[in-house]
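Enquirer: Sending over a structure as structure tokens; questions will come in a sec.
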Amino acid sequence: MKITREEVEHVALLARLKFNEKEKERFTLQLNSILQYMEKLGELDTAYVEPTFHAIAKTNVFREDVVKPSFPRDLTLNNAPDGHRGLFQVPKIIE
Amino acid sequence: MEYEPVIGLEVHAQLLTQSKIFCNCSTRFGEEPNTLTCPVCTGSPGSLPVLNKKVVEYTLRAALATHCQIAPYSLFARKNYFYPDLPKGYQISQYELPLTVDGYIDIQIDSQKKRIGIIRIHMEEDAGKLIHDLSSEQGSHSYVDFNRTGVPLIEIVSAPDIRSSEEASAYLRKLRAILMFLDICDGNMEEGSFRCDANISLRPTGRKAFGVKTEIKNINSFRNVQRALEFEIRRQTALLDQGEEVLQETRLWDAGKGVTISMRGKEEAHDYRYFPDPDLVPLLINPPWIEEIRATLPELPEAKKERFIREYGIPEYDAEILTTSKSLANYYESCLGHYPKPKIVSNWIMSELLRELKKDDREIEECPVPALHLSEMLKLIDEGIISGKIAKSVFEEMYHSGKRALEIVREKGLVQVSDSAEIEKIVGEVLSANPEKVEAYRKGKEKLFGFFVGQVMKATQGKANPQMVNELLKKKL
């Protein structure tokens, strides 16, 4: 097995996800079977193939440095669970 | 034991673009919270970032000015972490293939030149601002303003070539001056346009291998960079001397208490899982573009300093100070345009002018005495209308009232007395009021000459032409 249970717990922590024991078990198995499947690609000789980071072959897509009106604040804040005096309200962050 | 500090600095400089790096929202500072945001800023689903061309051009300027290599092919990457100042859950930055690498800056330390390497300069977006203390209701929430998210930054990473807090400060000053000369950053440390994190470790003097480093964050002035590094050198020295280990960690500088504080475990499990951002296509920089940018580079601090020494014959020390900012250098040259005596102008700027500005905590841009007015005053000295001593108080008055020299001189009756009959009369009075001193002087106590000059000056409130006073006194004694 490539992915250990500890790695699943580590990734879950990074992603702020909480799993019970059963779920951890299941995801470890599933992640491993996905990786195994992807390993098929390793059978191909890709020594002369450039890595593909993008689905399109474009480069240098730019925008000119011009200011346009921003989004109305009320609309933006409507997307937040909580707002307060024009600010997004989030659980206390301890510095 | 003797230890040698090994210091590397990471500077985040805000680029002076009108709009953000990946959208058309304004970069203005101090607006109402969240009024300069859009779906790109807040990471709304379906929004796509598009790169601001000026950000690339400004970064190329910085690269050329610091002798960096420009990568023909570079990529943006996602740096993943969860924090409420980052709505997308990742910051768009550059990782494996930054735009520029491997340059240097020369600094002046104890009149010796020292070269500090630059490992890389890359582009990234700024995060939002967290607000913790919303007055009355205490404690259960934090608040976020996303106006800052997406403001373009360059991160300039120095090599670990810095060996003292003085060198760190000199490097930062030089770097800031270069960015300001290039017109790509306003250098305002209080508003966060120029911020610094410091990596520091100690090693026994003479040893090659590096020790364990700590990273200090939250340093917002040149003075605090020095203080924070000096504190950290003391702290690490004490640990090592006691045979303890330095922990590799991030520490926050607390300017009020003058200490660095461990961020204990906060950084735990930091695993940024960088990967190329699929929303942004690769950047190809071709040589003609680089040459186009190179052609627009202004004269930089180092070159200007050399020219001032060569062209105006002023000492290196003067030239170094006068080229610390573009505005100051312009002010100096503008004075010379009206009054072409380089060393006299340099003296007045470095002593009187900079002292007054420092007192008010003002920059040269806010100087109430225009270059023309300072030059006019210097001319009045040359023309014998005011003495050098009176000029100092005239200058102060000019600085505080904004009036021109001649106006002040007239109003206050400060015109130098060069009427020999009048001075002769006062000299006579001084001598007859002090017969014993005259006697003593004539018997050889020559030091008393200064006393007589002083008395004449006092009687004329400093307005007597000093040369004439000297001549007349010599004649009469």
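Enquirer: Per residue of B:12-18, how many C-beta atoms from partner chains lie within 10 Å of its own C-beta, taken as a mean?
Expert: Average neighbour count from other chains, rounded to a whole number: 1.
Enquirer: Radius of gyration and Dmax for region B:1-141's Cα atoms, expressed in Å?
Expert: Rg, Dmax (Cα atoms, Å): 18.9, 59.
Enquirer: Greater than 30 Å separation of Cα atoms is the criterion. Which listed pairs, B:392/B:474; B:403/B:474; B:114/B:326, meet it?
Expert: Check vs 30 Å cut-off fails for B:403/B:474.
Enquirer: To continue, here is another question. So for region B:299-412, taking the charge dipole from beta-carbon charges (+1 Lys/Arg, -1 Asp/Glu), which of B:353, B:381, B:319 sits furthest toward the positive end?
Expert: The residue sitting farthest along the positive end of the dipole is B:381.
Enquirer: Mind jotting down the distance between the C-alpha centroids of region B:204-279 and region A:43-95, whole Å?
Expert: So the two Cα centres are separated by 31 Å.
Enquirer: Here's a follow-up. Long-range amide H contacts for residue B:216: which residues qualify at under 5 Å (H placed 1.01 Å from N, peptide plane, sequence gap of 5 or more or a different chain)?
Expert: B:198, B:199, B:200, B:251
Enquirer: Sort B:110-118, B:391-399 by the packing proxy (mean of other Cβ within 10 Å over each peptide's residues), most packed first.
Expert: Highest-to-lowest ranking by the protection proxy: B:391-399, B:110-118.
Enquirer: Determine the alpha carbon to alpha carbon distance for each of B:389/B:458; A:68/B:217; B:113/B:305 and list only those over 22 Å.
Expert: Going by Cα-Cα distance, A:68/B:217 fall outside the 22 Å limit.
Enquirer: Determine, at each q value in 0.09, 0.12 (inverse angstroms), the log₁₀ of I(q)/I(0) that the Debye formula gives when each Cα of chain B is one equal point scatterer.
Expert: So the normalised log intensities work out to -0.77, -1.12.
Enquirer: Here's something else I'd like to know. Going by average Cβ density within 10 Å per residue, which order do the peptides B:145-152, B:200-207 take, highest to lowest?
Expert: So the order, starting with the most tightly packed, is B:145-152, B:200-207.
Enquirer: What is the average number of partner chain Cβ atoms found within 10 Å of a Cβ in B:23-35?
Expert: Shielding by partners across B:23-35 averages 4.
Enquirer: Residue by residue through region B:164-174, which ³J(HN,Hα) values in whole Hz follow from phi under the Karplus form 6.51 cos²θ - 1.76 cosθ + 1.60 (θ = phi - 60°), with glycine and proline marked x?
Expert: 7, 5, 5, 5, 4, 5, 5, 4, 5, 4, 5
Enquirer: Just tell me how shielded B:83-90 is by partners: mean number of partner chain Cβ atoms within 10 Å of each residue's Cβ, no decimals.
Expert: Partner Cβ neighbours, averaged per residue: 2.
Enquirer: Next question, about the same structure. When the Kirkwood radius is taken over all Cα pairs of the protein assembly as shown, what Stokes-Einstein diffusion coefficient follows at 10 °C and 1.306 mPa s, in µm²/s?
Expert: 55
Enquirer: Of the beta bridges DSSP finds with both residues in the protein assembly as shown, what % are antiparallel, to the nearest 5?
Expert: Taking every DSSP beta bridge with both residues in the protein assembly as shown, the antiparallel ones total about 90 percent.
Enquirer: Can you give me the angle between helix B:222-241 and the longest principal axis of chain B, using Cα atoms only, in degrees from 0 to 90, rounded to the nearest 10?
Expert: 60
Enquirer: Okay, next question. Search the structure for amide H atoms under 5 Å from the amide H of residue B:118, placed 1.01 Å from N in the peptide plane, and list their residues when 5 or more places away or on another chain.
Expert: Answer set, sorted by chain and number: B:103, B:104, B:105, B:159.
Enquirer: If you place +1 on the Cβ of every Lys and Arg and -1 on the Cβ of every Asp and Glu, how big does the dipole about the Cα centre of chain B come out, in debye to the nearest 20?
Expert: Its charge dipole is roughly 1500 debye.
Enquirer: To the nearest 20 debye, what charge dipole does region A:1-83 have about its Cα centre, counting +1 at the Cβ of each Lys and Arg and -1 at the Cβ of each Asp and Glu?
Expert: In total the dipole reaches around 260 debye.
Enquirer: Continuing with this model, one more query. Compute the acute angle (0 to 90°) between the alpha-carbon long axis of helix B:466-476 and the principal axis of greatest extent of the alpha-carbon atoms of chain B; round to the nearest 10°.
Expert: 30
Enquirer: Excluding same-chain residues fewer than 8 positions from residue A:40, which lysines have a Cα within less than 28 Å of its Cα?
Expert: A:2, A:24
Enquirer: Figure the gain on full extension for residue A:93 and residue A:53 (residue separation times 0.36 nm, minus the Cα-Cα span) and round it to one decimal in nm.
Expert: Full-extension gain reported as 10.9 nm.
Enquirer: Going by amide H atoms built from the backbone, whose H comes under 5 Å of the H on residue B:51, apart from near neighbours?
Expert: So residue B:51 has HN proximity to A:63.
Enquirer: To continue, here is another question. Starting with the highest mean, order B:470-476, B:226-232, A:48-54 by the number of other Cβ atoms within 10 Å, averaged over the residues of each peptide.
Expert: Descending mean neighbour count gives B:226-232, B:470-476, A:48-54.
Enquirer: What FRET efficiency comes out for residue B:53 versus residue B:96 if R0 is 22 angstrom and r is the Cβ-Cβ distance? Round to the nearest 0.05.
Expert: 0.45
Enquirer: When every alpha-carbon pair in region B:420-476 is counted, what percent end up more than 15 Å apart?
Expert: It works out to 39 percent of all Cα pairs.
Enquirer: Based on the alpha carbon coordinates of region B:299-412, what radius of gyration and maximum Cα-Cα distance (Dmax) apply, in Å?
Expert: 13.9, 44
Enquirer: Another question about this same structure. What angle, in degrees between 0 and 90 and rounded to the nearest 10, separates the Cα long axis of helix B:53-65 from the longest principal axis of the Cα atoms of chain B?
Expert: 60
Read-outs throughout are calculated quantities, based only on the coordinates presented, and are distinct from any laboratory measurement. None of these values were measured; they are calculated from a predicted model. Please note: Cβ atoms are built from the backbone with ideal geometry, for glycine as well, and neighbour counts cover all protein chains shown.
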